[in-house]
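*Asks:* Below is the structure I would like to discuss, written out as structure tokens.
Throughout, read-outs are computed from the coordinates displayed, never taken from laboratory work. Please read these numbers as outputs of a predicted model, since none were measured by experiment. Here the Cβ positions follow ideal geometry from the backbone for every residue, glycine too, while neighbour counts run over all protein chains shown.
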Amino acid sequence: MSNITRERVTAQFGDKILATTEHFGELAFVVDKSTIVPLARFLRDDTALKYVHLSDITATDWPEREKRFEVIYHLYSYDLTEYVRFKVHVADKESVPTLTGEWDTANWLEREVFDLFGIPFDGHPDLRRILLWDEFEGHPLRKDYPLTYETPQFTYNKDQPPEVIK
Amino acid sequence: MQTETMTVNLGPQHPATHGVLRVVLELDGEVVIKCTPEVGYLHTGIEKTAEAKLYYKVIPMTDRMDYLAPMSNNLGYCLAVEKLLGVEAPPKAQWARVLLTEITRLNSHLVWLGTHALDIGAMSMLLYVFREREDLLTIYEAVSGQRMMSTYFRIGGLTDDLPSDFEPMVRKVIRTFPVRFDEYENILTNNRIWRNRTVGVGVISKEEAIKSGITGPILRAAGVKHDLRKVRPYSSYEKFDFDIPTQEASDCFARYQVRLEEMRQSLRIIQQAIDGMPEGRYLARVPGVVRPTKEEALFQMEAMIYHFKLVTEGFHPPKGEVYVTIESPKGELGYYIVSDGGTMPYRMRVRPPSFVNISALSKLVVGRLLADVIACIGSVDIVLGEVDR
């Protein structure tokens with residue numbers, strides 16, 4: 001079932017697909033960040049695929065890598081009833097093109113990634129923090145953000161900040 | 001004549017925002033011209049906390065996201081970890097999971113119906129649905145000891161066997177609920193006020209709904225016949241016979257009809273599950289990964305050792321990543337889990353249906369009256385615990 005996706009995407013994009021994996025029966029492509037928007041459009045508009053539903057955008061942080069972040073997209077096709085995943089690797093402070101032009105869902109999902117990981121999205125119309133407040137410092141889902149650090153520091157614990165578990 | 005728009009904060013402590021949703025509305029008179037939902041007041045960092053917990057210790061946190069549908073959240077997480085491990089729950093556990101997630105669906109939809117009706121003026125509905133909900137919470141309590149945060153599903157099966165008085169309680173639900181649903185319909189479906197407040201309110205086209213990532217009953221009310229339980233069956237759903245209700249109108253009334261019919265379909269599934277409940281183990285027998293049952297741990301030395309090792313050290317799933325989605329009462333609930341081979345998830349991402357659905361709120365309400373905003377928020381069916389996580 002996912003073979004058709006694999007064939008069509010490989011035929012269309014060729015060596016722009018940096019890697020293709022299929023673990024646990026889940027198809028995933030790794031692409032360069034310039035390929036995200038064309039690939040997403042192709043997956044959505046191709047009549048044999050029709051991945052019209054943007055299910056999720058998220059990221060993972062691998063601090064030891066040269067490009068520490070992976071931004072991960074999940075698309076779903078109502079016709080194939082299949083998910084497809086594609087990812088892009090970016091370094092710290094490097095931006096990723098937005099998908100808000102293709103899907104309205106991307107607006108909030110990208111804001112969440114920006115909020116919790118600090119990955120900026122190029123061309124996003126409203127890139128603000130979404131879950132945390134605007135004055136918050138840091139991005140909690142990065143691996144180097146301490147787990148138990150309390151912000152804001154209140155007056156009662158200002159002199160004796162709580163123990164920080166790394 | 002001077003025309004000036006007015007900005008109104010609806011929430012975060014407004015009783016009709018179902019928790020702590022804040023909606024910043026720009027009004028021209030009583031007509032909404034701009035609507036910006038603000039979320040995050042209930043952010044608890046569950047995804048961050050999960051990275052520092054053993055796999056099985058994450059399960060109680062999943063309850064606390066969508067606290068009206070705890071078992072659906074448990075199920076999604078357990079299925080994701082089971083996929084990572086290559087473990088399959090035994091038939092009895094799968095059927096019990098189906099039964100209990102359908103009870104969860106009833107639970108969630110009942111609270112939705114009561115609060116939605118309360119928001120737009122039908123106060124008595126809340127009292128009726130909470131009467132019925134009591135029967136469901138009694139089942140929760142019987143199986144797990146808890147009425148809300150059940151944490152009943154485990155990786156590889158269930159916490160404990162179903163209790164002996166489980167069947168009569170479920171039979172009572174099957175027997176009494178259809179009559180109750182008829183009562184609700186008598187109160188609401190042809191009620192003039194209810195129809196005035198819901199028919200033609202909050203319309204979103206099929207294309208817009210897909211573009212906005214809307215899933216679940218709202219999408220089905222827009223005419224998309226799609227249900228993950230049917231098209232990507234998990235936990236033996238393929239063995240059950242049920243229909244997917246759809247509507248074309250895509251307004252608040254259509255969503256009400258879809259959810260009411262879904263509750264009737266849930267009863268059908270519950271009936272089939274209780275009639276055909278298989279015998280056998282409630283936990284898979286996979287040493288080193290799935291906890292042994294209490295009896296085994298007390299009477300077999302190897303089981304005791306495995307139990308000790310699992311509780312103290314946990315298990316090491318293979319490296320990799322999985323994305324598992326289920327049809328929760330609110331829509332498509334997804335778990336994306338990345339394993340680096342350690343005993344704790346390297347990353348756990350929850351794809352929250354309420355979060356995505358409420359992001360499309362402005363499309364439902366712009367151009368309509370302020371009072372319709374309340375009806376629209378209600379019809380989207382959000383739980384802020386899940387939106388903010």
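*Asks:* By how many degrees, 0 to 90 and rounded to 10, does the Cα axis of helix A:2-13 deviate from the longest principal axis of chain A?
*Replies:* Once rounded, one gets 90 degrees.
*Asks:* If each residue of separation counts as 0.36 nm, what is the full-extension length gain between B:Met123 and B:Asp28 once their alpha-carbon separation is subtracted?
*Replies:* 31.3 nm
*Asks:* Then there's this: Arranged by the count of other C-beta atoms within 10 angstrom, fewest first, what order do B:Ile33, B:Ile155 take?
*Replies:* So the ranking, lowest neighbour count to highest, is B:Ile33, B:Ile155.
*Asks:* Report the paramagnetic label zone for B:Met148: residues of segment B:13-53 whose backbone N is under 15 Å from a point 7 Å from Cα along the Cα-to-Cβ axis.
*Replies:* B:18-20, B:42
*Asks:* Only loop residues by DSSP count here, and only those with at most 11 other Cβ atoms within 10 Å; note down the GluC sites (Glu not before Pro) in segment A:1-71 that meet that.
*Replies:* Here the GluC sites (Glu not before Pro) that fit, given the DSSP loop and packing criteria, are A:Glu64, A:Glu66.
*Asks:* I would also like to ask the following. Can you give me the angle between helix A:36-45 and the longest principal axis of chain A, using Cα atoms only, in degrees from 0 to 90, rounded to the nearest 10?
*Replies:* It works out to around 50 degrees.
*Asks:* Peptide A:100-113: average number of partner chain Cβ atoms within 10 Å per residue?
*Replies:* That average works out to 4.
*Asks:* Could you work out the equivalent-ellipsoid semi-axes for segment A:2-136, taking the square root of 5 times each eigenvalue of the Cα gyration tensor, largest first, in whole Å?
*Replies:* Ellipsoid half-lengths, sorted descending, are 25, 17, 13 Å.
*Asks:* Using the Cα centre as the reference, give the magnitude of the dipole from point charges on the C-beta atoms of segment B:193-261 (Lys, Arg: +1; Asp, Glu: -1; all else neutral), rounded to the nearest 20 debye.
*Replies:* Dipole of segment B:193-261, to the nearest 20 debye: 140 debye.
*Asks:* Oh, and also: List the trypsin sites (Lys or Arg not before Pro) within segment B:45-154 that DSSP assigns to loop and that have no more than 16 neighbouring Cβ atoms inside 10 Å.
*Replies:* Loop-located and lightly packed - B:Arg147.
*Asks:* Between B:Glu279 and B:Lys239, what is the label-to-label distance in nm when each label sits 7 Å out along the Cα-to-Cβ direction?
*Replies:* Roughly 1.5 nm, to one decimal.
*Asks:* From other protein chains only, count the Cβ atoms within 10 Å of every residue's Cβ in B:214-222, then give the mean.
*Replies:* Counting Cβ atoms of other protein chains within 10 Å of each residue's Cβ and averaging gives 1.
*Asks:* Which of the GluC sites (Glu not before Pro) found in segment B:1-78 are in a DSSP loop and have at most 14 neighbouring Cβ atoms, other than their own, within 10 Å?
*Replies:* Loop-located and lightly packed - B:Glu4, B:Glu30.
*Asks:* Further question on the same structure: Only Cα pairs within less than 10 Å get springs; with that Gaussian network setup on chain B, which residue of B:Ser108, B:Ser72, B:Ser205 has the largest fluctuation?
*Replies:* Of the options given, B:Ser205 has the highest mean-square fluctuation.
*Asks:* I've got another one for you. Could you give each residue of segment B:124-138 its phi-based ³J(HN,Hα) in whole Hz, using Karplus coefficients 6.51, -1.76, 1.60 with θ = phi - 60°, and x for Gly or Pro?
*Replies:* Values per residue, Gly and Pro as x: 5, 4, 4, 5, 5, 5, 6, 4, 5, 4, 4, 4, 6, 5, 5 Hz.
*Asks:* Rounded to the nearest 0.05, what FRET efficiency do B:Thr189 and B:Val8 give with R0 = 45 Å and r taken as the Cβ-Cβ distance? Could you check?
*Replies:* So the FRET efficiency works out to roughly 0.90.
*Asks:* Name the most mobile residue of B:Thr104, B:Thr176, B:Thr115, meaning the one with the largest mean-square fluctuation, in a Gaussian network model of chain B with Cα contacts below 10 Å.
*Replies:* Among B:Thr104, B:Thr176, B:Thr115, the largest GNM mean-square fluctuation belongs to B:Thr176.
*Asks:* Now, a different point. Using amide H atoms built 1.01 Å from N in the peptide plane, name the residues 5+ places from B:Leu27, or on other chains, whose amide H lies under 5 Å from its own.
*Replies:* Close amide H contacts, sequence-distant or interchain: B:Met6, B:Thr7, B:Val8, B:Ile33.
*Asks:* Then there is this: Under unit Cβ charges (Lys, Arg +1; Asp, Glu -1), what dipole magnitude, rounded to 20 debye, does segment A:2-136 have relative to its Cα centre?
*Replies:* 260 debye
*Asks:* Let me ask another. Any chance you could give the angle, 0 to 90 degrees and rounded to 10, that helix B:301-312 forms with the longest Cα principal axis of chain B?
*Replies:* 40 degrees
*Asks:* Take B:Lys330, B:Lys225, B:Lys230 and order them by how many other Cβ atoms sit within 10 Å, fewest up front.
*Replies:* Ascending Cβ contact count within 10 Å gives the list B:Lys225, B:Lys230, B:Lys330.
*Asks:* If you don't mind, another one. How much length would be gained if the chain were fully extended between A:Glu7 and A:Asp45, taking 0.36 nm per residue of separation minus their Cα-Cα distance, in nm to one decimal?
*Replies:* Gain in length upon complete extension: 12.1 nm.
*Asks:* Let me know the charge dipole size of segment B:181-233 about its Cα centre in debye, to the nearest 20, where only the beta-carbon of Lys, Arg (+1) and Asp, Glu (-1) is charged.
*Replies:* The calculated dipole for segment B:181-233 is roughly 220 debye.
*Asks:* Which of the residue pairs B:Lys92/B:Lys294; B:Lys83/B:Lys230; B:Lys206/B:Lys330; B:Lys53/B:Lys211 have a Cα-Cα distance greater than 25 Å in the structure shown?
*Replies:* Where the Cα-Cα span goes over 25 Å, the pairs concerned are B:Lys53/B:Lys211.
*Asks:* Across chain A, how many lysine pairs, 8 or more positions apart or on different chains, have C-alpha atoms separated by under 22 Å? Please give the number.
*Replies:* Lysine pairs meeting the criterion: 17.
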